[in-house]
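The values are calculated or read from the model by the stated rules, or taken from the named source; none is laboratory data. Quick caveat, the model's predicted, so the values are computed rather than measured. Using ideal geometry, Cβ is built from the backbone for each residue, glycine included, and neighbour counts are taken over all protein chains shown. Note: accessible area is taken over every heavy atom of the protein model, side chains too, but ligands, DNA and RNA are not part of it. Shrake-Rupley method; radii C 1.70, N 1.55, O 1.52, S 1.80 Å.
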Amino acid sequence: MTRGRSGPTRKSNIMNNLCKRAFSAALIFSVVAWGHAAIADDLTEATSLITLNTRTFDMRADITDLRRDDNFIPLLDVDWINQVLTADPYLNRIVVHIELWPDALRNSWPTLEPQHFYPVVDGIPEAFQVDGMLARAGQESFRSILLVPIEDPYDFQVRCSKKSVDVAIDTYVFGACFVRASYPPDPRIVLLARIYQPGVKPFHFREIAHRMREIALCLDVTDAVAAGSYEPAPYIQPGDILPDMTDCHRVTS
């Protein structure tokens, strides 16, 4: 009789063990599923990140369909950044990119190439002279003008084409200008502003370079990612209050 009673007891213990194992398996499955969901969320959030060389930038928007090559970030194509640029007194109506340069160009930044490619410094028309900058030309027809800072910091330069206002009286203005500014955290990264309608003096080229650098620094999350403290910020949606893209000190030179 003792054995008879032990049979059901043994089966009961086995069932209990099976139930426990089933519960444990279900719990493990739930944890694993939760983990995969968390990873999926992280991957979704990570679609806002773009890495150029050693730096990672958070666009705070889904950039999955952003049309770009691997070596540049078109800031105007991110809606909320476009709004920031449009509202900026120096960057309005300007195309702004963050670009990666080849190694070969790094050592020429920003003042070694002018003497070779832009040897002419005399006789450059007054229309192409900008306060605080030295104007150089590639040839005496002044088809292309390079402007470099006269005083430190030598952290940007400007290339401009010329546009005819009145050929009869030999009058010209800048046709289009391209501001290239250095990005101290990575010497291979360059900030580029394309100005298709420079207008008339003053041109505020130094201010344009400064503002591009400020915005890039505000988007740069490299240090936080490296330290493990990076937390994805919410995507910025239409109608949201735009962040202040000034005085961001998350990155040091």
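Data for the structure
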| quantity | calculated |
| --- | --- |
| Residue among Ile50, Ile63 that alone is open to solvent by less than 20 Å² (accessible area, probe 1.4 Å), within 18 Å of Tyr235 (Cβ to Cβ) and either modelled with pLDDT of 90 or more or of a type outside the set (Ser, Thr, Tyr) (or both) | Ile50 |
| Of the criteria (1) modelled with pLDDT of 85 or more; (2) crowded, with 19+ Cβ neighbours inside 10 Å, which one Pro234 fails | (2) |
| Extreme residue, most open to solvent (accessible area, probe 1.4 Å), among residues of the stretch 150-173 that are modelled with pLDDT of 90 or more and within 19 Å of Arg213 (Cα to Cα) | Arg159 |
| For Glu207: the one exception among (1) open to solvent by 50 Å² or more (accessible area, probe 1.4 Å); (2) of a type in the set (Asp, Glu); (3) over 20 Å from Val84 (Cβ atoms) | (3) |
| Pairs where the first residue, in the stretch 59-70, is within 22 Å of Tyr230 (Cβ to Cβ) and without any contact (Cβ under 8 Å) to a residue 24 or more places away in the chain and the second is in a loop (DSSP other than H, G, I, E, B) and polar (S, T, N, Q), C-beta under 9 Å, 6+ apart | Ile63/Thr47; Ile63/Ser48; Thr64/Thr47 |
| Qualifying positions in the stretch 89-101 - open to solvent by 10 Å² or more (accessible area, probe 1.4 Å) and either in a strand (DSSP E or B) or farther than 20 Å from Tyr183 by Cα (or both) | Pro89, Asn92, Arg93, Val95, His97, Glu99, Leu100 |
| Which listed residue, of Ala226, Ala216, Ala176, Ala209, is of a type in the set (A, V, I, L, M, F, W, C), touching a residue at least 60 places away in the same chain (Cβ under 8 Å) and closer than 30 Å to Thr51 by Cα | Ala216 |
| Pair list, Cβ < 9 Å and 6+ apart or interchain, from the stretch 237-249 residues that are over 18 Å from Thr222 (Cβ atoms) and open to solvent by 80 Å² or more (accessible area, probe 1.4 Å) to residues that are hydrophobic (A, V, I, L, M, F, W, C) and assigned to a loop (DSSP other than H, G, I, E, B) | Gln237/Ala61 |
